[in-house]
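Step one of this worksheet: look at the structure below.
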Amino acid sequence: MSPTEGCATKGMSLLTLNERETTTKRSKPRKRDIGRIRVKGFSIDLPRDDVESALRKHFSSCGEITDVCVHVLTDNLLSDRGFIYFLGGQGTVDKAMQLSGTDVGGWNVIVEPYPFLENADWDPVAFVQGYDTGLGKTEIKRMLFNHFSSCGQIMDIEFHNSTIGVASVYLYGEGAEDKVLDLDGSYMGGCKILVKHIITNGIYTVHPRRRHYGWPRIRNFADKHENLSQVMIPATPNMVLIVICFSVCSL
């Protein structure tokens, strides 16, 4: 089979596999496409559903909202801050900032930008198919390495466990996510390849939900221990020593 035949035949047969894989490993929006804010000002004894609903309605004019999250702590009171995610990037955040100080059904909302970490999109994984499967794994890995090396540092290249026709390329580097997605539809060894971005741990459109285990509210604890940077628990036999460092908490 010629290289061209290998591209065409495998490319057609793997389209269904690609769709099946991406049901669990979906391409995610780029960091620049997501805007998010942190909001305060609501009473912590309000019902969570009421607060989230009011926030969603109040900020609906800023752009498409993908999530509104307000945590409920173990004392059945709300956390004093919530999080809103938009599709639309920085423009949605700018619009939301203009609503800071406005009334939301009896309370004034305080809006703060909540950007992702600068390196949050530095470690994408590229899901690749469409290349010539008539070549050996060593040669395919060499071609993938050369083709994606401009995106960042290649950390690893793996093949799908059931076929040589699907590969995952693990990268790290500034702007790697955008560069990877720009290679979708490019040609490698005479074959047009399909590239999907399937994982970036630090980029998401839904705020993480975490379980709370009854720790004291940070603001109340800090009030009692002003300027405290460490809490030392005296060690006794058969006892685990725990050191808790408090800093500005974003959640």
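The values are calculated or read from the model by the stated rules, or taken from the named source; none is laboratory data. Not measured: the values here are computed from a predicted model. Here the Cβ positions follow ideal geometry from the backbone for every residue, glycine too, while neighbour counts run over all protein chains shown. Accessible surface areas use protein heavy atoms only, side chains included; no ligands, DNA or RNA. Shrake-Rupley method; radii C 1.70, N 1.55, O 1.52, S 1.80 Å.
For the subset of region 53-70 comprising residues that are hydroxyl-bearing (Ser, Thr, Tyr) and more than 9 Å from Ala96 (Cα to Cα), which member is farthest from the chain's Cα centre (by Cα)? Write out each step before concluding.
Step one: of region 53-70, the residues hydroxyl-bearing (Ser, Thr, Tyr) are 53, 60-61, 66.
The next check asks that each one be more than 9 Å from Ala96 (Cα to Cα); those that pass are 53, 60, 66.
Details: Ser53: 23, Ser60: 22, Thr66: 13 Å.
For region 53-70, the residue satisfying everything is Ser53.
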Quick check on region 76-93. Is at least one of its residues open to solvent by less than 30 Å² (accessible area, probe 1.4 Å), farther than 30 Å from Ile157 by Cα and among the charged types (D, E, K, R)? no
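Test Glu52 against the stated conditions and say whether it is free of Cβ contacts under 8 Å to residues at least 60 places away in the same chain and over 30 Å from Cys151 (Cβ atoms).
yes
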Within region 58-71, can one find any residue that is buried (at least 16 other Cβ atoms within 10 Å of the Cβ), within 30 Å of Leu171 (Cα to Cα) and at pLDDT below 95? no
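Which one of these is among the polar types (S, T, N, Q) and modelled with pLDDT of 95 or more: Asn76, Asn108? Write out each step before concluding.
Working: Asn76 fails: modelled with pLDDT of 95 or more.
Just a single option satisfies the conditions, and that option is Asn108.
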For Glu177, which of the numbered conditions (1) modelled with pLDDT of 90 or more; (2) not in a loop (DSSP other than H, G, I, E, B) fails to hold? (1)
Which condition breaks for Arg142 when tested against (1) closer than 28 Å to Lys31 by Cα; (2) free of Cβ contacts under 8 Å to residues at least 12 places away in the same chain? (1)
Test Val206 against the criterion of being at pLDDT 75 or above, closer than 30 Å to Gly88 by Cβ and open to solvent by 40 Å² or more (accessible area, probe 1.4 Å), and give yes or no. yes
Within region 164-176, can you find the residues that are within 17 Å of Lys196 (Cα to Cα), open to solvent by 40 Å² or more (accessible area, probe 1.4 Å) and not hydrophobic (A, V, I, L, M, F, W, C)? Tyr170, Tyr172
Here is a list of conditions, (1) surrounded by fewer than 16 Cβ atoms within 10 Å (Cβ to Cβ); (2) over 23 Å from Ile34 (Cβ atoms), and Ile140 meets all of them except one; can you say which number that is? (1)
Inside region 98-118, the number of residues satisfying the requirement of being open to solvent by less than 70 Å² (accessible area, probe 1.4 Å) and either of a type in the set (Val, Ile, Thr) or assigned to a helix (DSSP H, G or I) (or both) is 4
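Scan region 127-142 for residues that are touching a strand residue (DSSP E or B) at 6+ places or on another chain (Cβ under 6 Å) and part of a helix (DSSP H, G or I) and report the count. Let's see the steps before the verdict.
Applying the first criterion (touching a strand residue (DSSP E or B) at 6+ places or on another chain (Cβ under 6 Å)) to region 127-142 yields 127-132, 141.
Narrowing further to those that are part of a helix (DSSP H, G or I): 141.
Residues in region 127-142 being touching a strand residue (DSSP E or B) at 6+ places or on another chain (Cβ under 6 Å) and part of a helix (DSSP H, G or I): 1 in total.
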Of the conditions (1) at pLDDT 90 or above; (2) touching a helix residue (DSSP H, G or I) at 6+ places or on another chain (Cβ under 8 Å), the single one that Thr200 does not satisfy is (1)
